[in-house]
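A quick write-up on the structure given underneath.
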Amino acid sequence: MTVHSAHPPGFAHQFEDMEQQREAGSLGMWVFLLTEIMFFGGLFASYIIYRALYLPAFEIGSHLLEVQFGALNTAVLILSSLTMALAIHSAQVGKRRAQVWFLITTMILGAAFLAIKFTFEWHHDYIEHLVPGFGFIIRPEWGAAGQHVPMFFCFYFFMTGLHALHMIIGIGLLTVLTVMAHRGRFTPEYYAPLEVSGLYWHFVDIIWIFLFPLLYLIGGRYIGGGH
Amino acid sequence: MSTATIDVHEAPAGSHVNYLNAKYGVKSWLLTTDHKRIALLYLVSITLMFFVGGFFAVLMRLHLIEPQGALVQPETYNKLFTMHGVIMVFFFLVPSIPATLGNFLVPMMIGARDLAFPKLNLLSWYIYVIGACFTLYAVISGGVDTGWTFYTPYSSSFSHTSVIPTALGVFITGFSSILTGLNFVVTIHKMRAPGLTWFRLPLFIWAIYATSIIFILGTPVIAITLFLLGLERLLHIGIFDPAIGGDPILFQHLFWFYSHPAVYIMILPGMGVMSELVTCFSRKKIFGYSFVAFSSLSIAIISFLVWGHHMFVTGQSIYAGLIFSVLSFMVAIPSAVKVFNWTATLYKGSISYDAPMLYALGFIGLFTMGGLTGLFLASLATDVHLNGTYFIVAHFHYIMVGGAVMAYLGGIHFWWPKITGRLYPDGWARFAALVIFVGFNLTFFPQFMLGYLGMPRRFAVYPAEFQVLNVMSSAGASILGIGYLIPLIYLTWSMRYGPAAGPNPWGAKGLEWTTPSPPPTENFEEIPVVTEDAYDYAHSTVTRV
Amino acid sequence: MSGHIVSVKLYLGIFVALLCLTALTIRVAYIDLGAFNTVAALAIAVVKMLLVVLFFMHVKYSGRLIQVFILAGVLFLAILVTFTLADELTRHWSPTPTGWGIIVPLLSRLF
């Protein structure tokens, strides 16, 4: 039996050493992200099918979204990925306060994303009668494609909603991590929870990287765009 | 390989410190992170769900004694076959071998002290229980009548039954599967003992690994599908709603993308058990180890390419049907490879007919029948006539009951001495295996004939000329039911009154057999170093006790 | 995870690249490229994803195993989409196949 006393804090005894534990933890998070790819993937696949079948309706729906908020949110998330990466970097070089500040900044950016989405976008869409099941009104100027426009908005709300749910969970994770980091739990020898949560956060960012063009930029935004 | 030599024959059963007696009390069980205890927690829950699902089957077979139905209203009958399917598929078959035998054996077979994530393992059991509670709530709040397949738009817009609780229950339990699969994949990759290369692994591990791939890739898709279904019922609008352009066939694509690989989740672990049983009870190494290992991976991968064969007659494009038909023929090949290899292992083996072997031999015959009848269904022209009939019902029961359940029982009997430290009464075990075999065939062979003659499935009534075959099937079901009760009784009895088991009563090869029965909590005093191939019975010095 | 430490400069560089690519994807959307608009948008999104995966998620410094797992996810998603599309888009194709006579019309449909 290997010697216990030499193991750093956070060592789990089913493993032989910290290296095995780190590799297992990392592989475990990647396998989990694989399941998330398939989970979101079912939605993406359905979206692709219906977009192929109802392109005119999807273009109409897409043009009703406001690109500036989508773009702003994209920038916010990319910045939050940077701060997350820098938080981990701070742990790798042993800077405790920097870790905490970067984690808090990441959380603030995540919250900003949600605020922009829920207040400027979702609420606005609700007022404009563009939420299926909540007073959706099919506008006559949409023409023959009108009956399928609610389908686009179903996908818009389901996909951004599921994404937002994952953001909220991510912010919850970050809260726990911030407390742990503040207590000095993460050192250059042991920062696995940070690294693994970083993977999750980056993954949520990647989902948005695809959602933005797929939802906001269908059929182009040029004059006369959408055919 | 270093082993602890504890002479348990003289000592009373379980007198050494082992995982069962190391700690006492309800909390030590409900908060355990020991994979062996978690396996037992699962064993209890899964057995409970098996008998609930079986109860619905009994009601169905009693009802079908009469052509006009003998027991219940048609609406209730719809609920019976739905609940039977939901419970048996999602709450019994999918978790069965992986969560019980897999959880217990994977760390032991690879020489590890536990799985990679023991707390996730415990969480997966709680998630299973919570999901089961939602589904049982659905049962007592009036049931569900959509079929276990939840096809839209009936399930999304028209059924007045407890669809959301059931879908929610299945959704939640899906995460239990995902966590189990995740744990197995990481453990097998990262925690094998020194010297245990991939090609020295027991084939049970290969099978569990392949199953875990399916857990990971497939389960999330049904999770999102049921989630969308629940949302649509709640909001009265959604992506399957024809009013806004929704396609009911899309639901079927998403549903079967998981549910076809799911049937391989149900059979692959059983095939893994088969490799262990056939080698031990022929005292021979497996014929064609790498073929069997790769066939498990092939089945897992190809299983994701064939789902459309469930939709040949529901409105799918015939061009897609052609593609899926060809691929469905291909998926049969690796399964056939396994059957050939097990049979070749038996050839010139030193065969003994203990209960586990009786189950294994039954498996070979029944799985082959089920698998071959699958080919009739993979062929478009014949499927047109056989789809929606009892032929399908017989086909999948031959595989899932004649195959998977028999393998599960064979595995339970094989590893029972290791898990409990007790031996069960041999005579009763063999008797029960035979009763199950006879009862099973009497139940389901007539159903092949009924299907061929045109009796539709999921109907509460049937034309009078089918009555004789239906009565035969129901008679078989009663025998089968009794057959399942017998092991429940003697296995439970053996836990208290069975004679003590030594470390290796079968004289089997495998790291799990080098530990005492039951094993200590940490599995191995010293992590073993592996130097020999699997199933090295030719050079074995281990004999049966 | 290899414990490999990526420099802050590299992180900042990737960040700037991601912002530029976002601006590019919006700019391209305002130009009429016909069906190519979608291709361009997706291509840019894939590049952004690769930057995040390789550098922020350290996959560039990780072993083969994780790369295989990521590829597997992408591959099986592609299977779901492709086979389902194969059904949805051919639903109303004619002629309906009856025997070998289908081959020539089918081939002429494809090419």
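The values are calculated or read from the model by the stated rules, or taken from the named source; none is laboratory data. Keep in mind the model is a prediction, meaning the values are calculated, not measured. Ideal geometry is used to build each Cβ from the backbone, glycine not excepted, and the neighbour counts take in all protein chains shown. Accessible surface is based on the protein model in full, side chains and every heavy atom, while ligands, DNA and RNA are left aside. Shrake-Rupley method; radii C 1.70, N 1.55, O 1.52, S 1.80 Å.
Computed over region B:415-545, the percent of Cα pairs more than 23 Å apart is 56. Taking a straight Cα-Cα cut-off under 14 Å and skipping sequence neighbours fewer than 8 places away in the same chain, the aspartates and glutamates within cross-link reach of residue B:190 are A:16, A:17, A:19, A:23, B:114. Carbon-plus-sulfur accessible fraction, chain B (probe radius 1.4 Å, protein heavy atoms only): 71%. Structural size metrics of region B:378-461, computed from C-alpha coordinates, are Rg and Dmax of 17.2, 53 Å. Scaling the Cα radius of gyration of region B:26-514 by the globular reference 2.2 N^0.38 Å produces a ratio of 0.94. Considering every alpha-carbon pair of region A:99-186, the percent of pairs per 5 Å bin, from zero through the bin containing the longest distance, is 3, 13, 18, 16, 12, 10, 9, 7, 5, 4, 2, 1, 0. Working note: 222 nm ellipticity from helices only, DSSP H runs with n ≥ 4, each -39,500 (n - 2.57), summed and divided by the residues of the protein assembly as shown, gives -21500 deg cm²/dmol to the nearest 500.
Pop the C-beta distance of residue C:65 and residue B:426 into the FRET formula with R0 = 60 Å and round what comes out to the nearest 0.05. Working from the Cβ atoms, E equals 0.85. For residue B:336 and residue B:198, FRET efficiency with R0 = 22 Å and r from the beta-carbon atoms, rounded to 0.05? E between residue B:198 and residue B:336, to the nearest 0.05, is 0.40. For the cross-link pairs B:119/C:48; A:95/C:60; B:338/B:418; B:119/C:9; B:27/B:79; B:23/B:285, the ones whose C-alpha atoms lie over 29 Å apart are B:119/C:48; B:119/C:9; B:27/B:79; B:23/B:285. Take each residue in B:299-308, count the other chain C-beta atoms within 10 Å of its C-beta, and the mean is 2. Across peptide B:54-60, the average count of Cβ atoms from other chains found within 10 Å of a residue's Cβ is 0. Built from the Cα atoms of region A:58-216, the convex hull projects on average onto 9.0 nm², one quarter of its surface area. Take each residue in A:118-128, count the other chain C-beta atoms within 10 Å of its C-beta, and the mean is 0.
Membrane-span-like helices in chain B, defined here as complete DSSP H runs extending at least 27 Å along the helix axis by their C-alpha atoms with mean Kyte-Doolittle hydropathy no lower than 0.5, are B:35-63, B:118-140, B:163-190, B:203-235, B:248-280, B:318-346, B:355-378, B:426-453, B:467-497; this is a sequence and geometry rule, not a statement about a membrane. Modelled spin-label separation between residue B:533 and residue B:17, with each label point placed 7 Å from Cα along the Cα-to-Cβ direction: 4.0 nm. Using the Cβ-Cβ distance between residue B:75 and residue B:290 with R0 set to 41 Å, the FRET efficiency works out to roughly 0.20. Along the positive direction of the dipole of the protein assembly as shown (beta-carbon charges: Lys, Arg +1; Asp, Glu -1; about the Cα centre), which of B:340, B:395, B:419 reaches farthest? Farthest towards the positive end: B:419. Could you report the buried accessible area between A and C, both sides summed, computed with a 1.4 Å probe and given in Å² to the nearest 100? That pair of chains buries around 4200 Å² in total. When each of the peptides A:52-63, B:402-413 is scored by how many other beta carbons lie within 10 Å of its residues on average, the order from highest to lowest is B:402-413, A:52-63. The fraction of Cα-Cα pairs per 10 angstrom bin, counted from 0 for the protein assembly as shown, comes to 2, 12, 21, 24, 20, 14, 6, 1, 0, 0 percent, rounded to whole percents.
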